[in-house]
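Encoded as structure tokens, the structure appears first; notes follow it.
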Amino acid sequence: MQKIDYRSWLLTLALIVPSVSYAADDEVISQARAFVKAGNYKAAYDLLLPLETERSGAVDFDMLLGVSGVEAGENSRGIFALERVLAVEPNNIEARALIAKGYYKAGEAENAKAEFNNVLSQKPNSEITKLIENNMSAIDKATGQKTAFAAYLDVGLGYDNNISSATSASSVNVSIAGLPLIELPLSASSQKQSSNFVTRAAGVSVRMPINKNVSAFGSLTGTGRVNFDESRFDQSSLDYSVGLGFKHNIDNYTIALQGGSFAVDGNTFREAMGISGQWQRNVNDKNQVSIFAQASDLQYPDSSIRDARRYVVGGGWGHTFDGDKAKVTYLSAYAGKENTDDSTFDFLSNDIYGLRAGGQMAINYKLVAFAGLSYEHRKYDEQDPTFLITRKDNQYDFNIGLRYLPGHGFTIKPQLSYIDNHSNNELFEFDRYILSVNVRKDFNW
């Protein structure tokens with residue numbers, strides 16, 4: 001589903017539609033108008049919809065039904081109502097502006113541009129003309145018809161109660177040189193440790209059209225984290241992606257070459273290179289489905305026995321709910337396999353199965369609440385010769401937070417994350433929570 005800058009749309013409509021007048025002022029119209037003015041679009045829509053059959057064709061009724069329908073996420077009904085207004089009043093600039101918004105929210109970018117062109121043909125004032133032209137340019141960027149650049153800077157502070165995802169156990173049972181298991185005490189540095197931390201991140205991306213249905217894209221991101229205590233667990237990463245996007249009717253396809261490195265205490269821990277592909281379909285204005293696949297080559301410079309090939313396939317579904325709270329939910333499932341390059345170390349190879357779910361809801365136009373939950377099961381191929389166990393892990397992740405949008409491209413995000421990994425090998429059993437607050441600045445041009 002397309003990402004829409006609703007604040008820009010609302011600003012445009014606030015200037016184009018300073019007020020909506022109605023010929024009749026009966027009880028239903030008065031109540032619906034009060035709901036719309038209060039921003040309670042769903043209530044206005046629910047009030048008017050049962051009366052559509054008997055009252056459609058009246059400009060005052062259809063205008064209210066159109067406004068509430070588009071704003072409540074009932075784009076098809078809202079558009080139909082606004083089309084009835086235009087059938088009676090072809091030059092109604094308010095209805096054309098609103099129907100353009102409805103088309104855009106429904107993913108019909110070309111129809112949205114056509115309606116904006118109709119508004120421009122009526123020669124509105126220069127301020128409105130400029131806003132419409134900016135929105136049409138944004139449509140072209142969102143649909144890949146115009147080169148778009150983006151960048152961001154992010155800084156954060158937080159607390160992590162387990163900076164290395166380590167066990168809280170004081171000892172583990174191991175086998176040395178094939179001998180029976182003995183109890184081996186763990187040093188304090190191998191156990192659970194906490195620390196405050198600071199993070200910083202930056203990224204840049206570009207998307208440019210090749211033709212109407214094909215575009216090229218690329219991105220580069222870097223992150224870093226410095227712990228106030230135990231700097232040897234400081235982390236950094238650098239990732240890149242380049243690829244092509246293809247659009248055919250309601251289907252979108254992407255294929256990308258991806259790579260990156262992850263470092264601990266300034267030393268490269270893992271390098272990855274791979275290819276990914278995705279098919280995505282906007283089934284309607286409320287539902288989106290996707291299928292994805294990824295193949296990666298993993299290299300561990302200081303631990304070559306872990307070098308492996310990783311394969312993952314999965315699918316996802318996203319849904320936007322009715323109403324004026326911009327409620328969105330998603331669900332995805334995946335399965336994969338990680339095979340070590342050297343079969344001698346197949347006790348490190350594993351099968352992977354996972355589920356993810358989450359969603360978000362706007363509290364108001366500046367504040368969004370979000371939450372996510374995931375589960376991953378990992379089953380290893382062979383018995384580990386050190387622990388005499390065929391390892392199995394079940395990991396649960398949960399996060400909850402807020403995104404506050406103060407304006408000017410800034411986002412403030414407080415978040416709480418919790419990870420709980422259950423394993424039949426006590427060395428890999430741990431829990432961890434992270435509390436953080438990040439400030440991000442986005443740039444788009």
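What follows draws every value from the coordinates through simple rules; no lab data is involved. Small disclaimer: the values here were computed from a predicted structure and weren't measured. Note that each Cβ is placed from the backbone with ideal geometry, even for glycine, and that neighbours are counted across all protein chains shown.
Taken as Cα centroids, the stretch 72-95 and the stretch 42-69 sit 11 Å apart, rounded to the nearest whole angstrom. Shape call for the stretch 158-228 from the C-alpha gyration tensor, a ≥ b ≥ c root eigenvalues: rounded (a/c under 1.5), prolate (a/b greater than b/c) or oblate? Oblate, because a/c is 1.5 or more while a/b does not exceed b/c. Remark: spin-label model distance Asp302-Asp420 equals 3.2 nm, labels positioned 7 Å along the Cα→Cβ axis. In plain terms, the bigger the Kirkwood radius, the slower the diffusion; for the stretch 193-345, with that radius from Cα pairs, at 20 °C and 1.002 mPa s, Stokes-Einstein puts D at 117 µm²/s.
For the stretch 338-435, the Cα-based Rg and Dmax, in that order, read 18.9, 57 Å.
Between the amide H of Leu186 and those of Ser171, Val172, distances stay under 5 Å, these residues lying 5 or more places away or on another chain, with hydrogens modeled in the peptide plane. The ratio of the alpha-carbon radius of gyration of the chain to the globular-protein estimate 2.2 N^0.38 Å is 1.20.
Would you mind putting 289-298, 73-82 in packing order, based on average other-beta-carbon counts within 10 Å, highest first? Could you put the intermediate results ahead of the total?
Values: 289-298: 16.2, 73-82: 23.3.
Taking the mean over residues of other Cβ atoms within 10 Å, the ranking is 73-82, 289-298.
If the segment from Ile210 to Tyr365 were pulled out straight at 0.36 nm per residue, it would be longer than the present Cα-Cα gap by 52.3 nm.
Straight-line reach from Lys366: taking Cα to Cα under 17 Å and skipping same-chain neighbours fewer than 8 places apart, the lysines in range are Lys3, Lys325, Lys327, Lys413, Lys441. Cut-off 10 angstrom, C-alpha nodes, Gaussian network model of the chain. Which of Ile182, Ile210, Ile352 fluctuates the most? Of Ile182, Ile210, Ile352, the most mobile in the Gaussian network model is Ile182. Between the stretch 267-281 and the stretch 327-404, what's the alpha-carbon centroid distance in Å? With the stretch 267-281 and the stretch 327-404 each reduced to a Cα centre, they are spaced 16 Å.
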